[in-house]
Amino acid sequence: MQFDDAEQQHEAAALGMWAFLATEILFFGGVLTGFVIYRHRYLEAFAEGGKELWPWIGTANTAVLLLSSFAMAMAVHEAETQGRRKHIARYLLLTALLGATFICVKAVEYTIDWHEGLIPSLNWHPEHLSHPDQTQMFFFFYFFLTILHAIHMTAGIGVILIVAWQTRRPDFSSEKKTTVEMLGLYWHFVDVVWIFLFPLLYLTA
């Protein structure tokens, strides 16, 4: 599809990205609504499940994700104002590195959960829990939401690495600047989702 000018192309890209993010918001919103409903119904069991998590790990990962969001914001700023390809690439690579750090920390946390027998249907040992069935529901939500978030992050990291490679090429253009901006919108959405997940899951107790 051909566009009359760069502004029209930017508007079309922005519209497409916001439409995509709207569908993602509806999906995450539906799952989070289910979590809140079940949490209200099984308040003690969900509080017990929250106590099994590691808030300091969640806090550390929140800090990592906020730093990645800042790095992405700097990449977008460079693309919109200065257009310095090397700076854009460096900020994008920093964003990807911080995102990968988040995923690695999450993998360590999942390993701890496995050793503690907190994986529903796979490695569930609820002997020490007062409400095992209802608490298992909490962990179903926990793993579904955090794994879904991690998948979105992994996809974002992959695209970031591709765009970082492209921005280092001499043919960097306004089209690629728009790509960096749209990628920034996606990454900030992923960060905002985690900002909602962190208190709902880790601060439930």
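Annotations for the structure displayed:
- In Hz, Karplus ³J(HN,Hα) per residue of segment 138-154 (6.51, -1.76, 1.60; θ = phi - 60°; x = Gly, Pro): 4, 6, 4, 5, 4, 6, 4, 5, 6, 5, 4, 5, 5, 5, 4, 5, 4
- Farthest towards the positive end of the charge dipole of the chain, among the residues W187, I162, Q136, is the Cα of I162, using unit charges on the Cβ of Lys, Arg, Asp and Glu.
- Calculated from backbone phi, Karplus (6.51, -1.76, 1.60) coupling profile of segment 159-164 in Hz, x at Gly/Pro: 5, 4, 5, 5, 5, 4
- About the Cα centre, charge dipole magnitude for the chain (Lys/Arg +1, Asp/Glu -1 at Cβ), debye: 560
- Convex hull of alpha carbon positions in the chain: directionally averaged projected area 12.2 nm².
- The fraction of all Cα pairs in segment 98-205 landing in successive 10 Å bins from 0 to the largest distance is 12, 36, 26, 15, 8, 3, 0, given as whole percents.
- Derived scalar couplings between HN and Hα for segment 37-45 equal 5, 5, 5, 5, 6, 10, 4, 5, 5 Hz in order, rounded to whole Hz, by the Karplus curve 6.51 cos²θ - 1.76 cosθ + 1.60 (θ = phi - 60°), x for Gly and Pro.
Values in this text are rule-based calculations from the coordinates and carry no lab data. Because the structure is a prediction, the values reported are computed rather than measured. With ideal geometry, Cβ positions are generated from the backbone for all residues, glycine too; neighbour counts draw on all protein chains shown.
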